[in-house]
Amino acid sequence: MELQIGLKNSVAQVVSEIDTAVAVGSGSLKVLATPKLIALVEKAAADLVEKNLSPEMTSVGTLVNFEHTAPTPVGMKISAEVEISEIDGRKIIFKVAAFDEVGEIGRGRHERFIVNREKFQIKANNKIS
């Protein structure tokens, strides 16, 4: 299979104490933290891209525009769903949405860029050389 508009993926997990706003420092409540929800969205997108690339290539997140619209308590299952909406060279653009067991908890847009693993890692490592 190759990357194409319309490809979809979803991932799910149960919210635990380490996923809360108070645990990650993004708030003071024991509800799903926005950074944890965004990480799940990125995982869904990264997994979709990864399984459609050659082993020497990978993708990196470059943009997240996400509205977290409803709280989710510890113990509830959440899911992130992504769909490729546009491909512009090595840039992949996704429509994203997230849900808990009651309904939608967020939606937005995510971009990833396809890179060569080794070259990208070398570029990053050169920052400390």
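The values are calculated or read from the model by the stated rules, or taken from the named source; none is laboratory data. These figures come from a predicted structure and were not determined experimentally. All Cβ positions, even for glycine, are placed from backbone atoms using ideal geometry, and neighbour counts span all protein chains on display. Remember, those area values only see protein heavy atoms, side chains included, never the ligands or the DNA or RNA. Shrake-Rupley method; radii C 1.70, N 1.55, O 1.52, S 1.80 Å.
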Which one, Pro55, Pro35, Pro71, has the greatest fluctuation when you compute a Gaussian network model over the chain with C-alpha springs under 10 angstrom? Pro55
Spin-label pair Lys43/Ser16, simplified geometry with 7 Å Cα→Cβ offset, distance in nm: 1.0 nm
If you average 1/r across every pair of different Cα atoms in region 73-129 and take the reciprocal, what Kirkwood value do you get, in Å? 14.0 Å
Residue-averaged 222 nm ellipticity for the chain, from DSSP H runs of 4+ at -39500 (n - 2.57), nearest 500: -7000 deg cm²/dmol
What area, in nm² and to one decimal, does the C-alpha convex hull of region 26-86 cast on average over all directions? 5.5 nm²
Quick one: of Lys91/Lys127; Lys8/Lys51; Lys43/Lys123, which pairs are farther than 19 Å apart, Cα to Cα? Lys91/Lys127; Lys43/Lys123
When the accessible area of the chain is computed with all protein chains present and a 1.4 Å probe, what percentage of it is carbon and sulfur? 53 percent
Quick one: compute a quarter of the convex hull surface over the Cα atoms of the chain and quote it in nm². 8.8 nm²
Measure nothing fancy, just the Cα-based angle from helix 34-50's long axis to the longest principal axis of the chain, in degrees from 0 to 90, nearest 10. 40 degrees
Å² per residue, accessible surface of region 1-126 at 1.4 Å: 56 Å²
Order His68, His110 by their accessible area, 1.4 angstrom probe, all chains in place, largest first. His68, His110
Just to confirm the filter: which GluC sites (Glu not before Pro) across region 27-129 are DSSP coil and have at most 15 other Cβ within 10 angstrom of their Cβ? Glu56, Glu101
With the dipole of region 7-129 defined by +1 on each Lys or Arg Cβ and -1 on each Asp or Glu Cβ, the option from Ala45, Phe120, Ala12 whose Cα lies farthest towards the positive pole is Phe120
Expressed as a rounded percentage, what relative contact order does region 26-129 have, with Cα pairs under 8 Å and six or more residues apart? 29 percent
